[in-house]
Amino acid sequence: MNGDQPESDQPNRDQANGGEANGGEANEPLLAMRGMVKSFPGVQALRGVDLTLRAGEVLALVGENGAGKSTLIKLLSGAHRPDSGTIAVGGREIVFQSPQDARRAGVAVIYQEFNLVAGLTAHENIFLGQESTRGGFLDHAGERRQAAELFRRLGVVIDLDLPCRRLSTAQQQLVEIAKALAFEARIIVMDEPTAALTAHETARLLDVIRDLRSGGIGIVYISHRLDEILAIADRVMVLRDGANVDERPIERVTRGELIERMVGRELKDEFPARSVKLGPPRLEVTGLGRGGAVRDVSFSVRRGEILALTGLVGAGRTETVRLLFGADPRETGEIRLDGRLLTIRTPRDAVAAGIGLLTEDRKLEGLVLGASVRENFALPNLVRLSRRGFVQRGREREEFARYVDLLKIRIPHQEQRARNLSGGNQQKVVLAKWLARNCEVLIFDEPTRGIDVGAKYEIYLLMNRLVEEGKAILMISSELPEVLGMADRILVMHEGRITGEIADARRATQEQIMQLAVA
Amino acid sequence: MKARLVRFVYDYRMIFMLLLLCALFSAMTYQEQSPTGAAAGRQLAAAISSDFGDAPSVLIVVRDLADDAALAEQLRLDLVAAGGRVLAVVQGEPKDARAALGNIAAGSGKLDVIAGTQTTGAWLVFADLKTDYPTLGEPRVMTPQSYYWPDFLKADNLLNIASQIGVIAILAIGMTMVVITGGIDLSVGSLIALSAVLAAKFIRDAAGGMDASPLGMALACLAAISLCGLIGAFSGAMVTRFDVPPFIVTLAMMLVASGLARRVSKEQSIYEIPESFVWLGRGADWFGLPNGVVLMLVLYGLAHVLMSRMRLGRYLYAVGGNREAARLSGVPVTRVVMFAYIASAVLAGLGGVVMASQLKSGSANYGDTYELYVITAVVVGGAALGGGEGKMFGTLTGALTIAVMQNGMNLTNIHDDTQDIVLGFVLLGAVLIDKIQHR
């Protein structure tokens, strides 16, 4: 998807460097964070991190979850205050007491969860808190004009009559960027900006970022997606355990090196190998459909197989598995497991039949965050773990302890609330609860989203082990390397239909998939 | 182990608050107490026996009051059992005592002890016995030892608190379940009235009125409670099937139930109920606790087991914590939520029956605004209105806190209106503490 981008990148970078040299402000960096230290009760989040950002530069910030990226960003946005260390913007030292101070200093942070008011339009959001008025009344026309001008600068068209909730994720992101430009931010921090974007939208966003860069804005770009970083960044900085471990120009770094620096060990391969003999079909779906979102979808997953369902976001992949799982009512279609016709009307029926769904959004749909990890683990297994309505707590604890060992879940104790775990450990808890249910078919929706590289590898190993045991896995993923690396077979969806099948995933290419996805 | 301890302390933080309140009101009502009744009689008998050994001759002098009579009777029994001789028991005025002393002086002649209350012991009749009745020997006037003790902690007062809170605490069990699922039930106050009116009406019209048998009354109450349960089922169905906000559904049911109660009762109290109906509300068959309070405690025990040990309890928490995650894990969400609303309505119906029994009548004004106190108890007890969090014993603590505050303020002569103001701020404070801790 981005094979030619590094080259097209080159001129821009030169331009930016040239601009800076002519700019006169010699070697004064746009942003200099020195010796940032921050600890929370029980955790030393940052142990003296330095960060320098120049005008017209994209600095990629990488590191495993828990490496301290978020904390560093929160110090920069004024959300937290450092225990020690200094922040200088344009050579002037500033103490951020609040997010307003950071904003006044020209720092804009765009979080993964956008800060938009869903019911307000794009321009209302952009000027929220700094509305322009005329005679005490809101100057709607003026705001609309300015907003349209901002979007023209970004090279996009956004409908200013729609409330933001009706805009796509990518469009909402552009509204956030426009908002940053509206208060003349000179430093823009983007936290996982492409996590919810399709490949096409990602490419567009990277173009916008290049434009911002040539306009002299400094960008801190946080992402787990190394391909993007290699495509867009000028410099990359690696954090591990709250400290700087590496920093170098992008030309002098490779993908393998980056991963190695992040996890602090050498990863032979991002995707563990497996050798499984495929058996007969286990899950068979025919003619699944509902409205325009899912149309006549048929496929089967064989014993020991990992089938990937991919496509652009909004192609109907998640919708398909939700129908299959009974989470939404289906209008047409039959579902068979091992040749037996299943009656699935609710998730309860699907679970009873031996199907497990690891949802895309763990926090929203996968876990009861306020409950303990043990209680989350037990939730789909309570019928088995109770007798005459009473939960057998001894058995519950024992069994969970077994899975904690098996999956190497890192928790201080079983009563730990699910909210306080890292993404990787949360995913493992969700996985544990379905493994204990002894599901025959497991549906993984974006199994490694928001999970750091080390934990990803462990999840992949577990998936391999499951298919080796004869289970069938249906995996939805937007990360093409993951699709290519893990799947036996690939189905591509577009606008609710299956538009193509790649029988041998090992020999497929990203381009091949994209061809089918946009068809 | 440590984690559990931390969680326990956090979960039951309201208990510490409650104990603090009790200590405060105890300190404020600490004063001199004179023992009365049978307890005083026992104490006095023991004192006499230890001072005079076997067979003292005693004259008991008390006023003509129920408490005093109890004292005299107990004292007499204890003394006789210990081998003493009770020469006479005077229940009346100083002149009666004088007559008795005269009789004794004229008769056997010797008297060791004159036993009485602090009031009778101070009568002038006994001021100069040596002069007035030289033949009696040297009788000593003995009265119960006075002691210092808080009014608040007297057994009568504590029982009073328990009875006051009984109905609200019973309703709070169901409300806690509903709140844990992330809902709210505003209809419970009106359901008290509906249940009380229905139960009274069924007893009057169907079970034989003043001559109703215990079985007839039980069936009448069961019918009233079941009808409340039906209303709860309707609320639950609206919430689960049609996704109507619980606040709206139960607000509507509050109006409906209140209207029905007035209609059924024709706006009048129904009091054609046998005397024996008060057994549930006023009777005290176990350890001197009112039966309504015993019922409440038993229900809390059962509810605690349900919430902490049973599958259904787990499901209630899961549904409130994250409904979609629970649904996708195969939890029967609809049934679980239905259960909570039905349980709340049934318990409100039961509360109505207890109230009808306490007051021996049914009226449509019963339970007016009780839902507010019930919700206050649940929230003060630590349940989160957002759902997923809350404990039964927390709620019981919350209900007790409210009762203790009201009672303590009554004892210290704080007016009703001020009490409501204080209660309002306590509700706010409880939530505020929670918010600050969660920051």
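Only the coordinates and a few stated rules stand behind these numbers; no lab work does. Predicted, not measured: the structure shown is a model, and the values here were computed from it. Note that each Cβ is placed from the backbone with ideal geometry, even for glycine, and that neighbours are counted across all protein chains shown.
For the range B:18-48 and the range B:118-141, what is the separation of their C-alpha centers, rounded to whole Å? Using only Cα atoms to place each centre, the spacing works out to 28 Å.
Here's the list of lysines a cross-link from B:K110 could span, going by alpha-carbon distance under 18 Å and ignoring same-chain residues fewer than 8 apart: B:K130. Sparse packing (at most 12 other Cβ atoms within 10 Å of the Cβ) combined with a DSSP loop state is found for the following chymotrypsin sites (Phe, Trp or Tyr not before Pro) in the range B:244-341: B:F287. Entry note, chain A: relative contact order of 15 percent, from Cα contacts under 8 Å with a spacing of 6+ residues. Model label sites at A:E184 and B:D96, defined 7 Å from Cα along the beta-carbon direction, differ in position by 10.0 nm. Convex hull of alpha carbon positions in the range B:173-284: directionally averaged projected area 7.6 nm². Pairwise Cα separations in chain A fall into 10 Å bins from 0 onward with the following percentages, short to long: 4, 17, 26, 26, 18, 8, 2, 0. Under a Cβ-Cβ cut-off of 11 Å, what is the net charge of the residues other than A:R395 that fall near it, where Lys and Arg count +1 and Asp and Glu count -1? Combined, the nearby Lys, Arg, Asp and Glu give +2. Taken residue by residue and averaged, Cβ atoms of other chains lying within 10 Å of the Cβ of B:172-178 number 0.
Over the C-alpha trace of the range B:147-203, radius of gyration and Dmax come out as 16.7, 51 angstrom. Across the range A:221-238, coupling constants 3J(HN,Hα) worked out from phi with the 6.51/-1.76/1.60 Karplus curve, θ = phi - 60°, read 10, 9, 7, 8, 8, 5, 4, 5, 4, 5, 7, 10, 7, 8, 9, 10, 10, 10 Hz, and Gly and Pro carry x.
Which net charge results for the neighbourhood of B:V337, defined as the other residues with beta-carbon distances under 13 angstrom from its beta-carbon, given Lys and Arg at +1 and Asp and Glu at -1? With Lys, Arg at +1 and Asp, Glu at -1, the neighbours total +2. Using the rule -39500 (n - 2.57) for each DSSP H run of four or more residues, divided by the residues of chain A, the 222 nm mean residue ellipticity is -10500 deg cm²/dmol. For A:S386, the residues 5 or more places off, or on other chains, whose built amide H falls under 5 Å of its own are A:Q392. Say the cut-off is 31 Å between C-alpha atoms; which of B:K154/B:K435; A:K363/B:K435; A:K74/A:K363; A:K408/B:K435 go over it? Violating the 31 Å limit, Cα to Cα: B:K154/B:K435; A:K408/B:K435.
Lys and Arg at +1, Asp and Glu at -1: add these up for the other residues within a Cβ distance under 12 Å of B:M409 and post the number.
Its environment carries a net charge of -3.
Each helix, a run of at least 4 DSSP H residues, gives -39500 (n - 2.57); summed and divided by the residues of chain B, these come to -22000 deg cm²/dmol at 222 nm.
Reachable aspartates and glutamates from A:K38, Cα under 14 Å, same-chain residues fewer than 8 places away excluded? Within the straight-line cut-off, A:K38 pairs with A:D50, A:D83, A:D241. Each residue of the range A:101-117 is assigned a 3J(HN,Hα), and the resulting list reads 4, 4, 5, 5, 7, x, 9, 10, 10, 10, 7, 4, 8, 5, 9, 10, 7 Hz, derived from the Karplus form 6.51 cos²θ - 1.76 cosθ + 1.60 (θ = phi - 60°), x at Gly and Pro.
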